[in-house]
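Trainee: Would you mind keeping the following structure in view while I ask a few things?
The values are calculated or read from the model by the stated rules, or taken from the named source; none is laboratory data. Not measured: the values here are computed from a predicted model. We place every Cβ from the backbone using ideal geometry, glycine too, and count neighbours over all the protein chains shown. These area figures cover heavy atoms from the full protein model, side chains too; ligands, DNA and RNA do not enter into them. Shrake-Rupley method; radii C 1.70, N 1.55, O 1.52, S 1.80 Å.
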Amino acid sequence: MKIRPTRAAMFQHFLTCITVAAACLGAVGCKTQSTKTHMIILSENWTFRQAGKGNWMSATVPGTVHTDLMANEKIPDPFFRTQEKDVQWVDKVDWEYQCEFEVDEKTLAHDAINLECLGLDTYADVYLNDKLVILADNFFIAWEKEVKKHLKVGKNRLRIFFHSPITVGLQKLKEHGYGLPATNDQSENGGLSDQKVSVFLRKPGYHFGWDWGPRLVTSGIYRPIRLRAWNKARLTDVYFQQVKVNADKAEIIAQCEVESKVAERAMIRIFHGDTLLATQTVDVLAGKNMFHLPFNIHDPKLWWTFELGEPYRYELRAELSYHGDPIDETSHKVGLRSIKIVQNEDPDGKGSSFYFELNGRPVFAKGANYIPNDIFIPRFTDQQYTKLVQTTVESNMNMLRIWGGGFYENEIFYDLCDEKGVLVWQDFMFACSMYPGDRAFIRNVEEEAIYNVKRLRNHPCIAIWCGNNEIDIAWAQYQEFWGWGWKQQYTFEQRKKIWKTYDEIFHKLLPTVVGAHHQDIFYWPSSPTEQPGVHSNNHSKRGDIHYWGVWHAEHPFSDYYTYVGRFMSEYGFQSFPESRTVKTYTTSEDWDIESPVMAAHQRSGIGNLRIRSYMQKYYQTPKNFEHLLYMGQVLQGEGIKMAVEAHRAAMPYCMGSLYWQINDCWPVASWSSTDYYQRWKAMQFFVKKAFSPLITTVQEKDSTLLIKAVSDLSAPKDATLNLRLLDFNGKTLWSKSLDLKVKANTSTEALRLPIKDIISDSTLAKQCVLVIDLQDDQHLFYQNLHYLNPVKNLQLPKGVIVEKLVAEKGGKYHIRLTASQLVKNIFLDFGDKVEGKFSDNYFDLLPGQVVNLEFYPEQPVKLSAEDLKLLSIGDTY
């Protein structure tokens, strides 16, 4: 690749040509740095108390009032049993935090000192040495104030008064005159009757409860607080706008925002390593300034999702100098790519495509919806973020959707997605509610949107900005009898006013902000949407679809093949967490899915009984509680596997499959594929396989099997499709083989197979499995299994002896399993011996098959075959 400076840079530095070898262009170092400013992190010596009452207690910053109260043993753990209800008083009172810190003469000698509060939750008055310096009213933005005049040499005191969000919300509700739809606000659990205040506050909606989360309305300092001391001027923002990017050239404009204390001539230079890319002499005025420095990178290394190539990033550095003296600099790791949404009209004019195109290449989006990882946000560690994104990559998923009822994630999340090559569908923080339209609220939303778009726009992982989650279909402005019954609750004038606010925020304000500050990224007003002015439904041939026929409408799993849109951005099915997780919030007396504790850890009212009703359709329902938890996970995994296969089999008509959801914010029965403790459920193992680059799918319809091969690869693949019908003792009853050219980046129909051509004996059909292998001479690309009866009707072998070998090598354990008969959905577990992860689990062990897998313990441990516990469906009968 070649990096060439602009003509201005060439002239000022007398350069004729700069060519840098690829080996010199590695991106290293931190995301941002500033060597000419002095930073004081205020993370020590914090105390807190209920405002005006009691003694000051030790506090952790960043943190929340709930976690600080737990640490001081003032409240019980709200996750245990039903203790959530015992802490509802916390959000009804005010809290205050304080700390003392030292400032020396050298620091105070700087031209300016700014107090930066990166995350305050939410209504907070900030006092520095008893002077009010900040009035915060939005969780989602950082607050900054120049405070040099309030500081002194020696000891200083910072105090933050947090107003009860409920008190503030109730006042705003009263001022509004009537309530607004907020389906998931658990106001009754909070002792507020039907007074749903969440929509009036710019605070994460999930804090007020959701159909997978508790109601724990936090306050506190959830991101760092710091003092920044600087001289003369500083770079407050640098955006590397990618005007045009292709394999030949990347055209970039560095948009540099400079804040200055003086009016003076300065120089801005852009570097990659030691290579100068652009330079500009500028006249800086006192206050805020904006400068644009264009430059090109020739033959660039592009940023790709991990399965398509290397997620390469350039470390680009902006330097600000006065009189040849560098006084500030900022660096960003920038991935060069073009990304867009393609919506081409179908030939019949009845639909249009909806897919992501990365560097000119259509991409099938494989992934999941993502919620906050903890109700108490600061508890989630960098190591846990790393584990989550690694789970995403290991599971062959190239996209996560940041859902609109949470918060704009911490920087490390986006850094990891950049590094690992994972795309992010980014919602603005609005979900399943309507919102007030007063000027103060709209202005607050605008500031929030600008702040977060500017904060995130240098990340190559950001693929789309979406206005909200499900509000368009819930209100259903254009269809009187569609929607969730919201608009019928209001008068004509109220409806008109509510919709006007929606239109202003999602059709005007937010797209304007994205267009002004992140010009190369697509904006979508609501997920799901068919097209502007047309609501999405299960039959939409445009836009994206949230399909909840399976689960909410009790459709059979086979309907995943019936309701397939252009982009499936939500669908899902619940399960319980594994027994080890359930035991963290229960006692033995709670081990019944209808017990009060199990019900309290199930926020979809129909949930536990809905799991059981689906289980009765497909499986024999176990009586044993732990077996029921296991069976629920298998049920969820099989259902979502079918959904993923249905969506991928519909390529290129369908080009996205994002299941709901990858994670949990507390230990609970939910739609997640990993639980609160990041333990993989069966579903995570199932989708890892179903999202493999090369798979087969089987749809059974009208007594015929439709078998397809699906590929995400960029080139065609020659393969052989081998089919075997095995009985549960391993005898081959029927076989067929055919050569197949699997087309690139699409689905290929391989075979239509009448079941009667395979087997005609209905009794024997309950004792066999169709094994479908896609392979070549050297590799087994994918193995799929299809049973010709619901599992509950299969005559599964009982008491099968599984031979198992366990051996440690290099810090991991190698496991070998084999059995003479079928073992269906075998679950491997080392119990309480150690936390860790298996390379595979919940799989079907075919008769005579030898399976080799690994176990990765999280800490050193001595394990043997006797420690390995096995459970299968046959064991639950």
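Trainee: Out of the stretch 675-684, which residues are open to solvent by less than 10 Å² (accessible area, probe 1.4 Å) and either outside any loop (DSSP other than H, G, I, E, B) or of a type in the set (A, V, I, L, M, F, W, C) (or both)?
Mentor: Result: ALA682, MET683, GLN684.
Trainee: May I ask you to say which residue of ASP718, ASP773, ASP739 is surrounded by 15 or more Cβ atoms within 10 Å (Cβ to Cβ), assigned to a strand (DSSP E or B) and acidic (Asp, Glu)?
Mentor: Details: ASP718 fails: surrounded by 15 or more Cβ atoms within 10 Å (Cβ to Cβ); ASP739 fails: surrounded by 15 or more Cβ atoms within 10 Å (Cβ to Cβ).
From the options ASP718, ASP773, ASP739, the qualifying one is ASP773.
Trainee: Here is a follow-up. Scan (1) without any contact (Cβ under 8 Å) to a residue 60 or more places away in the chain; (2) outside any strand (DSSP E or B) for the single condition ASN373 breaks and write down its number.
Mentor: (1)
Trainee: Looking at (1) closer than 25 Å to ILE371 by Cβ; (2) not in a helix (DSSP H, G or I), can you tell me which one ILE640 breaks?
Mentor: (2) is the only condition that ILE640 fails.
Trainee: Under 35 Å from the mean Cα position of the chain (by Cα), open to solvent by 30 Å² or more (accessible area, probe 1.4 Å), modelled with pLDDT of 95 or more and not aliphatic (A, V, I, L, M): which single residue out of TRP143, TRP95 fits that description? Steps first, please.
Mentor: Working: TRP95 fails: open to solvent by 30 Å² or more (accessible area, probe 1.4 Å).
Being under 35 Å from the mean Cα position of the chain (by Cα), open to solvent by 30 Å² or more (accessible area, probe 1.4 Å), modelled with pLDDT of 95 or more and not aliphatic (A, V, I, L, M) holds for just one of TRP143, TRP95, which is TRP143.
Trainee: Now for a different question. Restricting to the stretch 395-408, what's the tally of residues that are over 29 Å from ASN841 (Cα atoms) and touching a strand residue (DSSP E or B) at 6+ places or on another chain (Cβ under 6 Å)?
Mentor: Here is the first cut: in the stretch 395-408, the residues over 29 Å from ASN841 (Cα atoms) are 404-408.
Subset that is touching a strand residue (DSSP E or B) at 6+ places or on another chain (Cβ under 6 Å): 404-405.
The number of residues fulfilling the criteria is 2.
Trainee: Count, please, the residues in the stretch 652-667 that happen to be surrounded by 22 or more Cβ atoms within 10 Å (Cβ to Cβ) and over 18 Å from the mean Cα position of the chain (by Cα).
Mentor: Summing the residues that are surrounded by 22 or more Cβ atoms within 10 Å (Cβ to Cβ) and over 18 Å from the mean Cα position of the chain (by Cα) in the stretch 652-667 gives 2.
Trainee: Now a separate question. For the structure I just gave you, tell me whether VAL334 is open to solvent by 10 Å² or more (accessible area, probe 1.4 Å), closer than 21 Å to LEU423 by Cβ and hydrophobic (A, V, I, L, M, F, W, C). Full working, then the answer.
Mentor: Details: open to solvent by 10 Å² or more (accessible area, probe 1.4 Å): no; closer than 21 Å to LEU423 by Cβ: yes; hydrophobic (A, V, I, L, M, F, W, C): yes.
Against the criterion (open to solvent by 10 Å² or more (accessible area, probe 1.4 Å), closer than 21 Å to LEU423 by Cβ and hydrophobic (A, V, I, L, M, F, W, C)), VAL334 does not qualify.
Trainee: Identify all residues within the stretch 83-114 that are of a type in the set (A, V, I, L, M) and closer than 28 Å to HIS38 by Cα; write none if there are none.
Mentor: Our first condition is that a residue be of a type in the set (A, V, I, L, M); within the stretch 83-114, this holds for 87, 90, 93, 103, 108-109, 112-113.
Of everything in the stretch 83-114, those that are of a type in the set (A, V, I, L, M) and closer than 28 Å to HIS38 by Cα turn out to be VAL103, LEU108, ALA109, ALA112, ILE113.
Trainee: Let me ask something else about it. Residues of the stretch 247-289 being open to solvent by 60 Å² or more (accessible area, probe 1.4 Å), not in a strand (DSSP E or B) and not basic (Lys, Arg), which ones?
Mentor: Across the stretch 247-289, the qualifying residues are ALA247, ASP248, ALA263, ASP274, LEU285, ALA286.
Trainee: Identify, please: which residue in the stretch 519-559 is over 23 Å from the mean Cα position of the chain (by Cα) and hydroxyl-bearing (Ser, Thr, Tyr) and is, among those, farthest from ASP346 (Cα to Cα)?
Mentor: Of everything passing the filter in the stretch 519-559, SER558 is farthest from ASP346 (Cα to Cα).
Trainee: Looking at the stretch 568-591 only, could you name the residues that are assigned to a loop (DSSP other than H, G, I, E, B), out of contact with any helix residue (DSSP H, G or I) (no Cβ under 9 Å at 6 or more places or on another chain) and touching a residue at least 40 places away in the same chain (Cβ under 8 Å)?
Mentor: Selection gives THR584 alone.
Trainee: For the stretch 418-428, check the following and say yes or no: at least one residue is open to solvent by 10 Å² or more (accessible area, probe 1.4 Å), in contact with a helix residue (DSSP H, G or I) (Cβ under 6 Å, 6 or more places away or on another chain), under 28 Å from MET655 (Cβ atoms) and of a type outside the set (Gly, Ala, Ser).
Mentor: Taking the stretch 418-428 first, the residues open to solvent by 10 Å² or more (accessible area, probe 1.4 Å) are 419-420.
Pick out the ones that are also in contact with a helix residue (DSSP H, G or I) (Cβ under 6 Å, 6 or more places away or on another chain) and you get 420.
Keeping just the survivors that are under 28 Å from MET655 (Cβ atoms) gives 420.
This time we only want the ones that are of a type outside the set (Gly, Ala, Ser), so: 420.
Yes: one or more hits.
Trainee: Looking only at residues in the stretch 127-140 that are farther than 21 Å from VAL217 by Cα and either crowded, with 17+ Cβ neighbours inside 10 Å or polar (S, T, N, Q) (or both), which one is farthest from the chain's Cα centre (by Cα)?
Mentor: Of the residues in the stretch 127-140, the ones farther than 21 Å from VAL217 by Cα are 127-134.
Then drop every residue that is not either crowded, with 17+ Cβ neighbours inside 10 Å or polar (S, T, N, Q) (or both), which leaves 127-129, 133-134.
Working: TYR127: 35, LEU128: 37, ASN129: 40, VAL133: 35, ILE134: 31 Å.
Result: ASN129.
Here's the yes/no breakdown for (1) of a type in the set (S, T, N, Q); (2) crowded, with 17+ Cβ neighbours inside 10 Å; (3) touching a Ser or Thr at 6+ places or on another chain (Cβ under 6 Å):
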position: TYR782; (1), (2), (3): no, yes, yes
position: LEU785; (1), (2), (3): no, no, no
position: ASN793; (1), (2), (3): yes, no, no
position: PRO797; (1), (2), (3): no, yes, no
position: ILE801; (1), (2), (3): no, no, no
position: GLY811; (1), (2), (3): no, no, no
position: ARG816; (1), (2), (3): no, no, no
position: ALA819; (1), (2), (3): no, yes, no
position: ASP832; (1), (2), (3): no, no, no
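Trainee: Does the stretch 92-130 hold any residues that are among the small types (Gly, Ala, Ser) and within 25 Å of GLY169 (Cβ to Cβ), and which are they? Can you show your working first?
Mentor: To start, the set of residues in the stretch 92-130 that are among the small types (Gly, Ala, Ser) comprises 109, 112, 119, 124.
Scanning the stretch 92-130 gives GLY119, ALA124.
Trainee: Right, next: From the list ALA807, ALA765, ALA715, which one is aliphatic (A, V, I, L, M) and under 30 Å from PRO362 (Cβ atoms)?
Mentor: On the way: ALA807 fails: under 30 Å from PRO362 (Cβ atoms); ALA765 fails: under 30 Å from PRO362 (Cβ atoms).
Just one listed residue meets the conditions, ALA715.
Trainee: Answer yes or no as to whether PHE306 is over 15 Å from VAL243 (Cβ atoms), of a type outside the set (A, V, I, L, M) and assigned to a strand (DSSP E or B).
Mentor: no
Trainee: I would also like to ask the following. Among the listed residues GLU73, GLU116, GLU100, identify the single one that is farther than 30 Å from HIS150 by Cα and of a type in the set (Asp, Glu). Quick ask: steps written out before the conclusion?
Mentor: Numbers: GLU116 fails: farther than 30 Å from HIS150 by Cα; GLU100 fails: farther than 30 Å from HIS150 by Cα.
Answer to the check: GLU73.
Trainee: Search the stretch 152-191 for residues being among the aliphatic types (A, V, I, L, M) and open to solvent by 20 Å² or more (accessible area, probe 1.4 Å), and hand back the single one that is farthest from PHE441 (Cα to Cα). Write out each step before concluding.
Mentor: Within the stretch 152-191, the first condition is being among the aliphatic types (A, V, I, L, M), and the residues that meet it are 153, 158, 160, 166, 168, 170, 173, 180, 182.
Right, trim to open to solvent by 20 Å² or more (accessible area, probe 1.4 Å) and you get 153, 168, 170, 173.
Details: VAL153: 39, VAL168: 13, LEU170: 15, LEU173: 13 Å.
Top of the filtered list is VAL153.
Trainee: If only one of LEU733, LEU713, LEU706, LEU726 is out of contact with any Phe, Trp or Tyr (no Cβ under 8 Å at 6 or more places or on another chain), within 29 Å of VAL800 (Cβ to Cβ), among the aliphatic types (A, V, I, L, M) and open to solvent by 20 Å² or more (accessible area, probe 1.4 Å), which one is it? Break it down into steps so the answer makes sense when it comes.
Mentor: Details: LEU713 fails: within 29 Å of VAL800 (Cβ to Cβ); LEU706 fails: within 29 Å of VAL800 (Cβ to Cβ); LEU726 fails: open to solvent by 20 Å² or more (accessible area, probe 1.4 Å).
The conditions single out LEU733.
Trainee: Check ASP77 against each of (1) closer than 21 Å to MET57 by Cα; (2) open to solvent by 10 Å² or more (accessible area, probe 1.4 Å); (3) in contact (Cβ under 8 Å) with a residue 40 or more places away in the chain and name the one condition it does not meet.
Mentor: Exception for ASP77: condition (3).
Trainee: Looking only at helices (runs of 4 or more DSSP H) that lie completely in the stretch 378-471, which have at least 1 residues being farther than 30 Å from LEU308 by Cβ and touching a Phe, Trp or Tyr at 6+ places or on another chain (Cβ under 9 Å)?
Mentor: Values: elements: 382-394, 411-420, 439-456.
In the stretch 378-471, the matching helices (runs of 4 or more DSSP H) lie at 439-456.
Trainee: Mind listing just one residue for me: the one in the stretch 863-877 that is in contact (Cβ under 8 Å) with a residue 12 or more places away in the chain and open to solvent by 60 Å² or more (accessible area, probe 1.4 Å) and, of those, farthest from GLY730 (Cα to Cα)? Outline the logic, then answer.
Mentor: In the first step, residues of the stretch 863-877 are kept if they are in contact (Cβ under 8 Å) with a residue 12 or more places away in the chain; the result is 863-865, 867-877.
If we keep only those that are open to solvent by 60 Å² or more (accessible area, probe 1.4 Å) as well, we get 869, 875, 877.
On the way: LYS869: 24, ASP875: 20, TYR877: 22 Å.
The extreme case among them is LYS869.
Trainee: Taking the condition surrounded by fewer than 20 Cβ atoms within 10 Å (Cβ to Cβ) and in contact with a strand residue (DSSP E or B) (Cβ under 8 Å, 6 or more places away or on another chain), does GLN519 pass? Explain how you work it out, then say what you get.
Mentor: Details: surrounded by fewer than 20 Cβ atoms within 10 Å (Cβ to Cβ): yes; in contact with a strand residue (DSSP E or B) (Cβ under 8 Å, 6 or more places away or on another chain): yes.
The answer is yes for GLN519.
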